[in-house]
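For reference, the structure is listed below as structure tokens.
Just so it is clear, none of the values below were taken in a lab; they were calculated from the coordinates. Here the structure is a predicted model, which is why all the values come from computation and not from measurement. Please note: Cβ atoms are built from the backbone with ideal geometry, for glycine as well, and neighbour counts cover all protein chains shown.
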Amino acid sequence: MIKAAVMGYGTIGSGVVEVLETNRDSIAKRCGDTIEVKYVLDLREFPGDPIQDKIVHDYKTIAEDPEVSIVVETMGGVEPAFTFVKAMLEAGKHVTTSNKALVADKGAELLAIAREKNVNFMFEASVGGGIPIIRSLNECLTADEIEEITGILNGTTNYMMTKMSQEGLEFDDVLKDAQAKGYAEKDPTADIEGHDACRKIAILTSLICGRQVDFNEIHCEGITKISATDIKYAKAMGKAIKLLATSRKVGDSYCAMVAPHMLPAEHPLFPVNDVFNAVFVHGNVLGDAMFYGSGAGKLPTASAVVADMVEIAKNLDQNIFVEWSSKKMELVDYKQSVNRFFVRTTASEAAVKENFGDVTFVKAEGVSGEIGFVTEPMTEADYEIKAVALGNVLQMIRVK
Ligand code: HSE
């Protein structure tokens, strides 16, 4: 029997215990052994819960128990998760986590400790919830130079953009609805400002380049400025507005960004709606691939964590090498990237042509007192200069 511990008995941690119980027999067949949760670490007690006798409050109880070989971290945040996970790896225990903040910040360091101790540090659930994107990049797409990853990596904001598009609602109303449904948290900043997606694209970029990407250096715009008027223009153009997290190879580096984009109907990410996530990958020999599915939530995320446990159970005596060193990847400045831009302005058509040259004007039903247009491709830096010269810009959204 393989003994495991779960650190953090919140939504995901309790989901892990549930998945291990629900699929106990099939999981045991795949592992070649049964997995039993010996400890659950949490500050709280859980009277009446089946795990009530397994609750411990000191992480050292787990670290110092030689019987425990797999530890699940589902606490969230960098500290104290980092201290606990580091202690587990140093004690020779394998770890799997769903914690993107921890992985984005400390991934390289924790992988190095795991390698030194001949154990595994796995984090499939940290990006895309139940979608198997991490193992796909680490173990399946290894023949390729990955030239682009573009994802809808945040379920909450994708739900909100879908709702705004389908019902013509304003941002604040949709946010309240997302909070009422339990998708958005009481403090929704990390989702709606793009920080969550930013950490996820930082993790994916680190994996495809094998070096440490600092998420603080990724240009990040959220969806808070998207309005019902923007949706009207998008519909007039047959496009959908989605929060995209994207990373493109430029020479030996990558250019990464999180921002709302207008997508045409033929784009593979166009039909990805509601809380679903999807990750589009382009490899230099593979061509295109897309991964689609449940990107958040208790059981989908727990499914990915338990899949890591199974992988660990099959590799208890060996470290599976993951190329992600602590050497920093200097990202290309996003201002060099080339895009087309949809712009709303109260300036005149003549002023638009004078500053932007050839543009396509767009009319949206029920919108007056302003004009909308789409530019020709230009760099972000050029766009900024022209937009300042034009003045009176109400909105800018990048167009795919
Ligand atoms: N808040 C995240 C989302 C949860 O909405 O996608 C999964 O990381």
### Task
Give me the net charge of Glu311's neighbourhood, meaning all other residues with Cβ under 14 Å from the Cβ of Glu311; Lys, Arg count +1, Asp, Glu -1.
-2
### Unit charges at the beta carbon, dipole of the chain: most positive-side option, Gly238, Ile146, Phe84
Gly238
### Query
With springs only between Cα atoms under 10 Å, which of Gly32, Gly366, Gly15 fluctuates most in a Gaussian network model of the chain?
Gly366
### Summary
For Lys106, counting only lysines whose alpha-carbon sits under 19 Å away and dropping same-chain residues fewer than eight positions off, the answer is Lys86, Lys93, Lys117, Lys200, Lys327, Lys328
### Total formal charge among the other residues, if their Cβ is under 11 angstrom from that of Leu169, Lys/Arg +1 and Asp/Glu -1
-3
#### Entry: Sequence-distant aspartates and glutamates (8 or more away, or on other chains) whose Cα lies within less than 20 Å of Lys181
Glu167, Glu170, Asp172, Asp173, Asp191, Glu193, Asp196, Asp274
### Message
Could you derive backbone 3J(HN,Hα) for segment 217-222 from the dihedral phi with the Karplus parameters 6.51, -1.76 and 1.60 (θ = phi - 60°), listing whole Hz in sequence and x where the residue is Gly or Pro?
### Response
9, 8, 5, 9, 10, x
### Task
Let me have the relative contact order for the chain, percent, based on Cα pairs under 8 Å that are six or more residues apart.
18 percent
### Task
Measure of size requested: the Rg and Dmax of the chain, with Cα atoms as the atom set and Å as the unit; please supply both.
22.9, 75
### Message
Of His94, Ala296, Leu316, which is farthest towards the positive pole of the chain's charge dipole, taken about the Cα centre with +1 and -1 on the beta-carbons of Lys, Arg and Asp, Glu respectively?
### Response
Ala296
### Task
Show which aspartates and glutamates lie in cross-link reach of Lys353 when reach means a straight Cα distance below 13 angstrom and same-chain residues fewer than eight apart are skipped.
Glu376
#### Entry: Within the chain: Cβ-based charge dipole about Cα centre, in debye rounded to nearest 20 (Lys, Arg +1; Asp, Glu -1)
380 debye
### Residue among Ala112, Ala289, Ala350 with the largest mean-square fluctuation in a Gaussian network model of the chain, springs linking Cα atoms under 10 Å
Ala350
### Task
For segment 134-204 and segment 309-364, compute the distance between their C-alpha centroids and round to whole Å.
14 Å
### Sum of -39500 (n - 2.57) over DSSP H runs of 4+, divided by residues of the chain (222 nm, nearest 500)
-10500 deg cm²/dmol
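To the nearest 20 Debye, how big is the dipole of segment 206-308 about its Cα centre, given +1 on the beta carbon of each Lys and Arg and -1 on that of each Asp and Glu?
280 debye
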### GNM top mover of His195, His94, His267 - the chain, alpha-carbon springs below 10 Å
His267
